[in-house]
Amino acid sequence: MKMPLGEEKNGACDRSIYVNNPHLDSMKDDILYHFNLGTSTHDLPAMFGDVKFVCVGGSPWRMKSFTEYIAKELGLLEPNAEFPNICEGTDRYAMYKVGPVLSVSHGMGIPSTLIKLLYHAHCTDVTVVRIGTSGGIGLKPGIVVVTKQSVDSVFQPRLEQVILGKPVVRSTELDAELAEELLQSGKDLAEFETVIGNTMCTLDFYEGQARLDGAFCSYSEEDKQSYLAEAYAAGVRNIEMESSVFAAMCKLSNLRAAVVCVTLLDRLKGDQLTSSHDILNSYQQRPQVLVGHYIKKKLNAYKKS
Ligand SMILES: O=P(O)(O)O[C@H]1O[C@H](CO)[C@@H](O)[C@H]1O
Ligand SMILES: O=c1cc[nH]c(=O)[nH]1
């Protein structure tokens, strides 16, 4: 059973968030264990009901730094402002909020708990963007890739998940208009190169991404190069590990979603991340700057309309 929230009186529920679980109806409380939040312990609509943009990424540090950055960009940075971690009390995730922007770290892998949080908070018209890092294919390190399609290891836009022992295939389609708008934001900024391309999502950093430096490797440099060339020919420009589950979950929930990842290295040239810590950190900030620009532009347009 589908349960849209924020349904308009005329029946249109364009940008409502869906969950699809009849069991939720019969639960008096929902404990969002991984966030250390819950429907009976926290007033989720009061805490999160005004959220319009959600940015997710692997590292807690990145998501805090994005919050500080976007607060400044939106003129919401008070003197001596501190941004407490809303998920304090659990070390699994870090979550920060400033105005209508929620910033959440997800480590490696993405929880569907975030969808339930937005649902319980009665959020509507939410845009979710993953701001991550990746390995590029045939791209100079530091280039930002806006994902056109998130594809699996055989370059198909799908996520296969085993549910009750049976494979279930889900679409990983992302919002094409949002991707174009983000690409445009990158071009407007003109501070770094931004391209659009397919993103391959893997289960593993080493063999899954055709690396030669993992604990296990049963193929040659030649095999690796030929697989990456095949990926490139299929439109793949970068590789990471969350876009497909992120895209599939957002699609199922009717959330407008995009993936923006910087490339940390060119996988055609190597496997190890040899750039200095400072350079890698500066690369990581690029998706934040791009998405910050986009959010600011959107909020200014809302204000004018
Ligand atoms: O930079 P983040 O968001 O962590 O994403 C990428 O980095 C991790 C691997 O180093 C994977 O989670 C991959 O998807
Ligand atoms: O090569 C890379 C770099 C970052 N993240 C990945 O998943 N792969």
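Taking every alpha-carbon pair in segment 79-161 and binning the separations at 10 Å intervals from zero gives 11, 36, 34, 17, 2, 0 percent. Remark: for residue pairs Lys269/Lys297; Lys97/Lys296; Lys28/Lys64; Lys72/Lys187, the C-alpha separation exceeds 27 Å in Lys269/Lys297; Lys28/Lys64. Full extension of the segment from Tyr302 to Asp213, taken as 0.36 nm per residue of separation minus the current Cα-Cα distance, would add 27.2 nm. Taking each pair of distinct Cα atoms in segment 18-126 once, what is the resulting Kirkwood hydrodynamic radius in Å? Across segment 18-126, the inverse of the average 1/r is 14.5 Å. Helix 221-233 sits at what angle to the longest principal axis of the chain, using alpha carbons and giving 0 to 90 degrees rounded to 10? Its long axis makes an angle of about 50 degrees. When only the Cβ of Lys, Arg, Asp and Glu is charged (+1, +1, -1, -1), the dipole of segment 24-303 relative to its Cα centre reaches about 460 debye.
Exposed loop sites, defined as GluC sites (Glu not before Pro) outside DSSP H, G, I, E and B with at most 10 other Cβ atoms within 10 Å, are absent from the longest region of the chain, namely 89-305.
If the segment from Ser171 to Gln225 were pulled out straight at 0.36 nm per residue, it would be longer than the present Cα-Cα gap by 16.6 nm.
Here's how it looks for Arg158: its modeled amide H is under 5 Å from those of Asp152, Thr172, which are all 5 or more places away or on a different chain. Taking segment 24-303, how much of its Cα-Cα pair set, in percent, is spaced more than 34 angstrom apart? Distances greater than 34 Å cover 19 percent of the Cα pairs.
Here is the result for segment 137-225: no trypsin sites (Lys or Arg not before Pro) lie in DSSP coil with at most 13 other C-beta atoms within 10 angstrom of their C-beta. The length gained by stretching the chain between Ser282 and Asn80 to full extension, at 0.36 nm per residue less their Cα-Cα distance, is 70.3 nm. For segment 209-301, the list of chymotrypsin sites (Phe, Trp or Tyr not before Pro) that fall in a loop by DSSP and count at most 11 other C-beta atoms within 10 angstrom reads Phe216.
Counting charges near Gly142 (Lys, Arg +1; Asp, Glu -1) among other residues having Cβ under 11 Å from its Cβ returns a value of -1.
The numbers here are math on the coordinates, done by the rules we state, and not lab data. Remember, predicted model here, so these are calculated numbers, not experimental data. Ideal geometry is used to build each Cβ from the backbone, glycine not excepted, and the neighbour counts take in all protein chains shown.
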